[in-house]
Amino acid sequence: MAELMSLREAVSGFIHDGDTVAMEGFTHLIPFAAGHEVIRQQRRNLTLIRMTPDVIYDQLIGAGCATRLIFSWGGNPGVGSLHRLRDAVEHGWPHSLELEEHSHAGLANAYVAGASNLPFTALRGYAGSDLPKYNDHIRFIRCPFTGEELAAVRSVRPDVAVIHAQKADRKGNVLLWGILGVQKEAVLAAQRAIVTVEEIVDDLHGWPNAALLPSWTVSAVCEVPGGAHPSYAQGYYERDNRFYQTWDAVSRTRDEFQSWMQRHVLDTADFAEFSRVLQETTGKEAL
């Protein structure tokens, strides 16, 4: 059953060196605060999974937390490349990074297979693609019913899933809405799950067909208002487009990146202090 605790306690208790960690969220509800706490606690040798690794994974990789990345697209959305990811792949800084690349459909289905406790998933895909040459977790099988050749992708089963959501109740049940990616599937596929939320309430007032994660699927719930910034949380705050644009310049050089991370993440105690420092340096609040 889910426990209500601080984000520092959750990361300390549930994310360990060498773990496979999936931090999911599509367009909004990206768990930036949780990613920063992983960096503060200097976790190492992580395998990171994310369908669309963007700025938070650029920060984790540049901080030396990851040695392997499983993904299906990577970039600073609307801006360009992830310079810290590129530096790790092209020059091995701060150390080398192993890549396992999928298509969106392939990785999404791999999450579904993991959530269903299946060893693999089958789909129509990868025909004509070079990805199977470089990813040994993509194979081709013959359907026993139709004889059709299908792609088979090994299931994704993280040690830990980390997501951000809008609300949780005091029993640890979680409610999220808006554009959803594979947050629910990632939680169900993982052995442990940390959920940061905008607020903890007495009653979720969930509506039919809302995405609800019952408390028994979650290990820890942490109240972190604004914890998805600079992405947005529908119903709470908008996307900080200027942050993404600024990150392109910050992340281009190792020195500038390290200076920014030291001041904004490593030298701050938590997300609230990060938000205060960010406001001091940019003149704009994190929310």
Study note, to complete from the structure: At the level of C-alpha centres, the distance separating segment 162-178 and segment 1-19, in angstrom, is 16 Å
Check your understanding: Under 15 Å Cα-Cα from residue 171, which aspartates and glutamates qualify once same-chain neighbours fewer than 8 residues away are excluded?
Key -> 3, 199, 202, 203, 223
Point to revise | For segment 170-233, diffusion coefficient by Stokes-Einstein and Kirkwood Rh (Cα), 37 °C, 0.692 mPa s, µm²/s | key: 264 µm²/s
Exercise for review: Give the cross-link partners of residue 133 among the aspartates and glutamates, using a straight C-alpha distance below 18 Å as the criterion and excluding same-chain residues fewer than 8 apart.
Suggested key: 98, 100, 101, 149
Study note, to complete from the structure: Under the 7 Å Cα-to-Cβ spin-label approximation, residue 145 and residue 211 lie apart by a distance in nanometres of 2.9 nm
Study note, to complete from the structure: In Å, the C-alpha Rg and Dmax of segment 140-287 are 19.5, 63
Revision key, fill the gap. With the convex hull built on the alpha-carbon atoms of segment 30-113, volume per residue in Å³ sits at 95 Å³
Check your understanding: Quick one: what do you get for segment 101-173 if you divide its Cα Rg by 2.2 N^0.38 Å?
Key -> 1.39
Check your understanding: Within segment 128-193, which chymotrypsin sites (Phe, Trp or Tyr not before Pro) sit in a loop by DSSP and count at most 12 neighbouring Cβ atoms inside 10 Å?
Key -> 145
Check your understanding: Each residue of segment 198-211 in order: what ³J(HN,Hα) in whole Hz does its phi give by Karplus 6.51 cos²θ - 1.76 cosθ + 1.60, θ = phi - 60°, with x for Gly and Pro?
Key -> 5, 7, 10, 10, 6, 9, 6, 6, x, 10, x, 6, 6, 7
Revision key, fill the gap. Expressed in angstrom and ordered largest first, the alpha-carbon extents of segment 1-149 along the principal axes are 52, 43, 28
Point to revise | Relative contact order, percent, segment 151-220 [alpha-carbon distance under 8 Å, six or more residues apart] | key: 42 percent
Point to revise | Interchain or long-range residues, amide H under 5 Å from residue 120's placed H | key: 155
Point to revise | Cα-based Rg of segment 221-269 normalised by 2.2 N^0.38 Å, two decimals | key: 1.35
**Study point:** Difference of contour (0.36 nm per residue) and Cα-Cα distance, residue 245 to residue 81
**Key:** 57.9 nm
Study note, to complete from the structure: Taking Rh as the Kirkwood radius computed over alpha-carbon pairs of the chain and applying Stokes-Einstein at 25 °C with viscosity 0.890 mPa s, one gets a diffusion coefficient in µm² s⁻¹ of 127 µm²/s
Check your understanding: Per residue, what volume in Å³ does the Cα convex hull of segment 245-285 take up?
Key -> 61 Å³
Review point. Quick one: accessible area per residue over segment 14-73, 1.4 Å probe, rounded to a whole number of Å²?
Key: 21 Å²
Review point. Carbon and sulfur atoms: what percent of the 1.4 Å accessible area of segment 166-287 do they account for?
Key: 46 percent
Point to revise | Within segment 40-109, GluC sites (Glu not before Pro) in DSSP loop having at most 14 other beta-carbon neighbours inside 10 Å | key: none
**Study point:** Under-5 Å amide H pairs with residue 211, H placed in peptide plane, nonlocal only
**Key:** 176
Exercise for review: Could you work out how far apart the two model spin labels at residue 16 and residue 42 are, taking each label as a point 7 Å from the Cα in the direction of the beta carbon, and quote it in nm?
Suggested key: 2.0 nm
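The values are calculated or read from the model by the stated rules, or taken from the named source; none is laboratory data. This one's a predicted model, so the numbers in the text were calculated from it and none came from an experiment. All Cβ positions, glycine included, derive from the backbone under ideal geometry; neighbour counts span all protein chains shown. For the accessible areas, the whole protein counts, side chains as well, though only heavy atoms, and no ligand, DNA or RNA atoms are used. Shrake-Rupley method; radii C 1.70, N 1.55, O 1.52, S 1.80 Å.
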